[in-house]
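So the structure is just underneath, and the comments pick up after that.
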Amino acid sequence: MADYGFLTSLPGKDVLHPAIGDLVVSTKYPLAKLDSSTSVSFQNVNIFFAHDPPEPAMLGNIQTTLIDSFPHGYKYKPRFWALGTLSTAAFNYHQDYFIGSGILSAHTTSDYAQIYVNVDSTNVNIYVDKFLDTFGTANDLTATSVKLRVYVFVEDVGY
Amino acid sequence: MALPYTNLKDNSTPNPIARQDVGVKLSQPFYDVNTTSDSNLVFSSGWPSLAVAASGICDGSGKIAHNLGFPPFSLGWANTPATMVFPDMDSTYLYSNPGDYVVAYDLDITKDVDYAYTAASSVVQPYDNGYGIKMAIEGKNIDSTDLRDFIVHSRAQSPLVLAVKTEISADAANVAIAGSPTIQYTNKVGYQTWVFGYVYLNASSRYAFAPMYSQAYPRLFTDGIKSYLTYFDNKASLVILRDPMFAPTTRSVTY
């Protein structure tokens, strides 16, 4: 760490020689930054499936459907977090809460519908993957609601 | 989600760390910095922010050194497509797939901590570039318009730490209920927070991420409010993070 920045120690603690836990704040490391001046850095994305994304055309394959895509405003791939919650009347398996990706519906290991988020150098993208093989049952997402909480950080993913 | 266990006991919660009366804080225009609530602050050093302590791309063996001396809370992103990944960690390395980009935050998952909750602003505040606080990274220009060039910039905030719960504060009665040691946390903030679980594995001497969708050990059970994690090798950790102190925007999508 360079000889600049600021440290604040707890009352009664030596700021020049702080022990671990004695600091209120330290600029030793940069903060993980969400730009509060943009509309995309902290966003709730509410998705309603009025229609069902398609199943794979050939059994045993995965069908990928782009559900939403929006510009993040950077010229590189930014770091991001995505948290999702699900509202569905379906009785088959589903994740009511997930981070990164989540199963929206599944009957057995032979079928699933999964939602996930990724970024490229211009956009944040939300996809649904569906898998179905001979022994599976199609997963109908009609009338399903998903709420995603998405953070898009200033920092890049390094490639 | 129906939680299998409904009568587990939460980990103990010592007096939460309150907002400190020392440090640096900056209020929104026209708000008294001495008395206003945190939701009207532009910046406060008292917020339990997340700092990036190390980062990089995992090598061909799927690891990268962070050398922090403790297992840090970590996240990562795969390469093409850039989806989220969840590394394992020990006191020296992060472990993920070769080529994944991973970040170690300055948060020790072996240390119990609780922070007092202060509500964020519920209104999207317009940004005033007329004043604030900023500190550039060594070698970077203080007048840079790239926020990556700053250690601290009051235009930006991080997610905040709400709690870290480990086996140290676990309730002993959970063993009788769950059959195994189990840590549990229930957040009181009124919304679903970010919850990450880790269990220590003696076989590999590292903390392994516990996914939520798993038919094998380890597995984290959470609905974002109540979370619990059963562990077998003596140590485990729940990391609970909350939203930053500014309001989100909303986007509605109909497919």
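Just so you know, all these numbers are worked out from the coordinates, no wet-lab data involved. It should be emphasised that the depicted structure is a prediction, and the values quoted were computed from it without experimental measurement. Methodologically, a virtual Cβ is constructed for each residue, glycine included, from the backbone with ideal geometry; neighbour enumeration extends over all protein chains shown.
How do A:H72, A:H51, A:H17 line up, fewest other C-beta atoms within 10 Å first?
Working: A:H72 23, A:H51 12, A:H17 8.
With the fewest neighbours first, A:H72, A:H51, A:H17 line up as A:H17, A:H51, A:H72.
Positive end of the dipole of the protein assembly as shown, charges at C-beta (+1 Lys, Arg; -1 Asp, Glu), about the Cα centre: which of A:S87, B:A210, B:S169 has its Cα farthest in that direction?
Comparing the listed Cα positions along the dipole, B:S169 ranks first.
So what are the ³J(HN,Hα) numbers for the stretch A:122-135, from phi and the Karplus equation (6.51, -1.76, 1.60; θ = phi - 60°), rounded to whole Hz, Gly and Pro as x?
Values, residue by residue: 10, 10, 9, 10, 10, 10, 10, 9, 10, 10, 7, 10, 4, 9 Hz.
B:T80 versus B:V253, label points 7 Å from Cα toward the beta carbon: distance in nm?
2.3
I'd like the trypsin sites (Lys or Arg not before Pro) in the stretch B:124-230 restricted to DSSP loop residues with at most 11 other Cβ atoms within 10 Å, sorted by number.
Answer by residue number: B:K188.
Which ³J(HN,Hα) values, rounded to whole Hz and listed in residue order, are derived for the stretch B:110-116 from phi using the Karplus coefficients 6.51, -1.76 and 1.60 in 6.51 cos²θ - 1.76 cosθ + 1.60 with θ = phi - 60°, glycine and proline given as x?
9, 10, 4, 7, 9, 10, 4
May I ask you to derive the relative contact order of chain B, considering only C-alpha pairs under 8 Å and at least 6 residues apart, and to give it as an integer percent?
Values: 559 pairs, mean separation 52.2, N = 255.
This gives 20 percent for chain B.
Take B:S61, A:S145, B:S154, B:S121 and order them by how many other Cβ atoms sit within 10 Å, fewest up front. Could the numbers behind the result be given before it?
Values: B:S61 9, A:S145 13, B:S154 20, B:S121 17.
Ordered by Cβ neighbours within 10 Å, fewest first: B:S61, A:S145, B:S121, B:S154.
Other chains near B:156-164: what is the mean number of their Cβ atoms within 10 Å of each residue's Cβ?
On the way: counts 13, 8, 7, 7, 0, 0, 0, 0, 0.
What the average comes to for B:156-164 is 4.
Using modelled backbone amide H atoms (1.01 Å from N, in-plane), which distant-in-sequence or interchain residues come within less than 5 Å of A:F42's amide H?
Under 5 Å from the amide H of A:F42 lie the amide H atoms of A:V152, B:T249, each far enough along the sequence or on another chain.
Tell me which residues come under 5 Å, amide H to amide H, from A:T27 once H is placed; ignore anything under 5 positions away on its chain.
The answer is A:F6.
Length gain on complete extension for the stretch B:Q215 to B:I177, per 0.36 nm per residue less the alpha carbon to alpha carbon distance? Can you show the working numbers first?
Numbers: separation 38, 0.36 × 38 = 13.68 nm, distance 2.07 nm.
Working it through step by step, the gained length comes to 11.6 nm.
Which of B:V24, A:V146 has the fewest other C-beta atoms within 10 Å, and how do the rest follow up to the most?
Values: B:V24 15, A:V146 24.
Sorted ascending by nearby Cβ count, the order is B:V24, A:V146.
Would you calculate the separation in nanometres between label points at A:H107 and A:K13, each defined as 7 Å from the Cα along the Cα-to-beta-carbon direction?
It is 5.8 nm.
Using a 10 Å cut-off around each Cβ of peptide A:37-50, what is the average number of partner chain Cβ atoms that fall inside? Walk me through the intermediate numbers first.
Numbers: counts 9, 4, 5, 3, 7, 10, 4, 6, 6, 5, 5, 4, 3, 2.
If you average over the peptide's residues, the count of other-chain Cβ atoms is 5.
Taking amide H positions as placed in the peptide plane 1.01 Å from N, state which residues far from B:K25 in sequence (5 or more) or on other chains have amide H under 5 Å from it.
Hits under the 5 Å cutoff: B:S45.
Go through B:K188/B:K235; B:K9/B:K226; B:K188/B:K226; A:K33/B:K25; B:K9/B:K165; B:K9/B:K235 and tell me which ones have a Cα-Cα distance over 20 Å in this structure.
Numbers: B:K188/B:K235 25 Å; B:K9/B:K226 11 Å; B:K188/B:K226 9 Å; A:K33/B:K25 17 Å; B:K9/B:K165 13 Å; B:K9/B:K235 17 Å.
In this structure, B:K188/B:K235 exceed 20 Å between Cα atoms.
Between A:K75 and B:E138, what is the label-to-label distance in nm when each label sits 7 Å out along the Cα-to-Cβ direction?
Roughly 2.8 nm, to one decimal.
What does the charge add up to near B:R148, with Lys and Arg as +1, Asp and Glu as -1, over the other residues with Cβ less than 9 Å from its Cβ?
Summing Lys and Arg as +1 and Asp and Glu as -1 gives -2.
For the stretch A:50-136, what relative contact order do you get, as a whole percent, if you take Cα pairs closer than 8 Å and at least 6 residues apart?
Numbers: 187 pairs, mean separation 32.1, N = 87.
Relative contact order, the stretch A:50-136: 37 percent.
Quick one: 3J(HN,Hα) in Hz for the stretch B:90-97, Karplus 6.51/-1.76/1.60 with θ = phi - 60°, rounded, Gly and Pro as x.
Per-residue couplings from phi come out as 9, 6, 10, 10, 10, 10, 7, 7 Hz.
A:Y159 to A:S37: extension gain in nm, 0.36 nm per residue of separation minus the Cα-Cα distance? Please list the in-between numbers first.
Details: separation 122, 0.36 × 122 = 43.92 nm, distance 2.51 nm.
Between A:Y159 and A:S37, full extension yields 41.4 nm more.
Charges only on Cβ, +1 for Lys and Arg, -1 for Asp and Glu: so what's the dipole of the stretch B:105-210 about the Cα centre, in debye to the nearest 20? Please report the intermediate quantities before stating the final value.
Details: 8 positive and 11 negative charges, 34 e Å.
Here the size comes out at about 160 debye.
Using the reciprocal of the averaged 1/r over all distinct C-alpha pairs, how large is the Kirkwood radius of chain A in Å?
Details: mean 1/r = 0.0542 Å⁻¹.
One over the average 1/r among Cα pairs gives 18.4 Å for chain A.
Taking the Cβ of A:Q114 as the center, what net charge do the other residues with Cβ under 11 Å away carry, scoring Lys and Arg +1 and Asp and Glu -1? Can you show the working numbers first?
Values: positive: A:K130; negative: A:D111, A:D129.
After counting each charged neighbour, the total is -1.
What would the Debye equation give as log₁₀ I(q)/I(0) for chain B at q = 0.10, 0.14, 0.17 Å⁻¹, counting only Cα atoms as equal point scatterers?
These q points yield log10 I(q)/I(0) values of -0.57, -1.08, -1.39.
If R₀ is 25 angstrom, what is the calculated FRET efficiency for the pair B:N129 and B:Y31, using the beta carbon separation as r and rounding to 0.05?
0.90
Let me make sure I get this right: for the stretch A:110-155, a, b and c are the square roots of the gyration tensor eigenvalues over alpha carbons, sorted descending. Under 1.5 in a/c it's rounded, otherwise prolate if a/b > b/c, else oblate. Which is it?
On the way: a/c = 3.90, a/b = 2.15, b/c = 1.82.
The shape class here is prolate.
For the stretch A:68-127, what's the radius of gyration and Dmax over Cα atoms, in angstrom?
In Å, with Rg to one decimal and Dmax whole: 13.8, 42.
What do you get for Rg/Rh over the protein assembly as shown if you use C-alpha atoms and the Kirkwood form of Rh? Spell out each step's value before the answer.
On the way: Rg = 21.5 Å, Rh = 22.4 Å.
Looking at the protein assembly as shown, the ratio lands at 0.96.
Along the charge dipole of the stretch A:59-159, pointing to its positive end and built from +1/-1 on Cβ of Lys, Arg, Asp and Glu, which listed residue (A:Y151, A:N61, A:A113) has its Cα farthest out?
A:Y151
Using every alpha carbon pair in the stretch B:68-188, what percent of pairs falls into each 5 Å bin from 0 up to the bin containing the largest distance?
So the P(r) values, bin by bin, are 2, 8, 12, 12, 16, 18, 15, 9, 4, 2, 2, 1.
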